[in-house]
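The structure appears below as structure tokens.
The values are calculated or read from the model by the stated rules, or taken from the named source; none is laboratory data. None of these values were measured; they are calculated from a predicted model. FYI the Cβ positions are ideal-geometry reconstructions off the backbone, even for glycines, and counts take in every protein chain you see. In case anyone asks, the SASA skips ligands and DNA or RNA and just uses the protein heavy atoms, side chains included. Shrake-Rupley method; radii C 1.70, N 1.55, O 1.52, S 1.80 Å.
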Amino acid sequence: MNPLNEKQIRASFVNASKREAAQATLPDLDAIDWESLDYLGWRDRKAPLAAYAVLELDGAPTGVLLRAGDPSPDGRRRKAVCAWCEDVVVTDDVSLYVARRGGASGKRGNTIGTLVCTQFVCSANVRRTPTRTEAGNATAAEEIVERRIAGLRERSARFVAEVLRTR
Ligand SMILES: [Zn+2]
């Protein structure tokens, strides 16, 4: 994805109040390898259950404020497949994230949830080199990775578009 600066990120949130957008704790943007990301997702260091995901929707940076479900009482992680990267290898660190819908719908308390990699490592997951069983040769491997990347972009963008949808 194209690199974003702090101002662009804070202005991108479609379901956050001005105050929430201003208070979000951002990651170290200089340390991010933007080229290997399909979306930027992170947990708020200072607000344990708050998280954010920003991606390009119709060419414009579009961000959603997410809230993580409370961790299970026994501290055990549930096994689940991430709805964005659909990675079948890393299934033990996937969390339910809930977004308030944008606009009037959100003000009425409507939310939408999705299961996503807890630390938002989807972009790394889809770029993992396919196994021999998955791909017989380098060309096939490349195609698989490209297909995974396209799938991740589509599914994550669809979720953000759904948050935006006002009806
Ligand atoms: Zn994922």
- Roughly speaking, to the nearest percent, how much of segment 6-164's 1.4 Å accessible area is carbon and sulfur? 50
- Query: Residue-wise, which Karplus ³J(HN,Hα) couplings in Hz belong to segment 11-28, taking 6.51 cos²θ - 1.76 cosθ + 1.60, θ = phi - 60°, and x for glycine or proline?
  - Reply: 7, 8, 5, 9, 10, 10, 6, 4, 5, 4, 5, 6, 8, 4, 8, 8, x, 6
- Message: Run the reach check for Lys79 against aspartates and glutamates, Cα to Cα strictly under 19 Å, same-chain hits fewer than 8 apart removed. What comes back?
- Response: Asp70, Asp87, Asp92, Asp93
- Average accessible area per residue (Å²) across the chain - probe 1.4 Å, nucleic acids and ligands excluded: 59
- Express the C-alpha Rg of the chain as a ratio against the empirical globular expectation 2.2 N^0.38 Å, rounded to two decimals. 1.06
- Task: Along Cα→Cβ, 7 Å out, is where each label goes; now give me the distance between the ones at Lys46 and Val121 in nm to one decimal.
- Result: 2.7
- Task: Calculate the spin-label point distance for Glu143 paired with Arg128, positioning each point 7 Å from the Cα along the beta-carbon direction, and give it in nanometres.
- Result: 2.2
- Item | Those lysines that a straight Cα-Cα span of less than 26 Å connects to Lys18, excepting residues fewer than 8 apart in one chain | Lys7, Lys46, Lys107
- Would you grab the residues whose amide H sits under 5 Å from the one on Thr111? Only those 5+ places off in sequence or on another chain, please, with H modelled 1.01 Å from N. Arg101
- Pick from Thr129, Thr118, Thr91: which is most flexible by mean-square fluctuation in a GNM of the chain where alpha carbon atoms under 10 Å apart are linked? Thr129
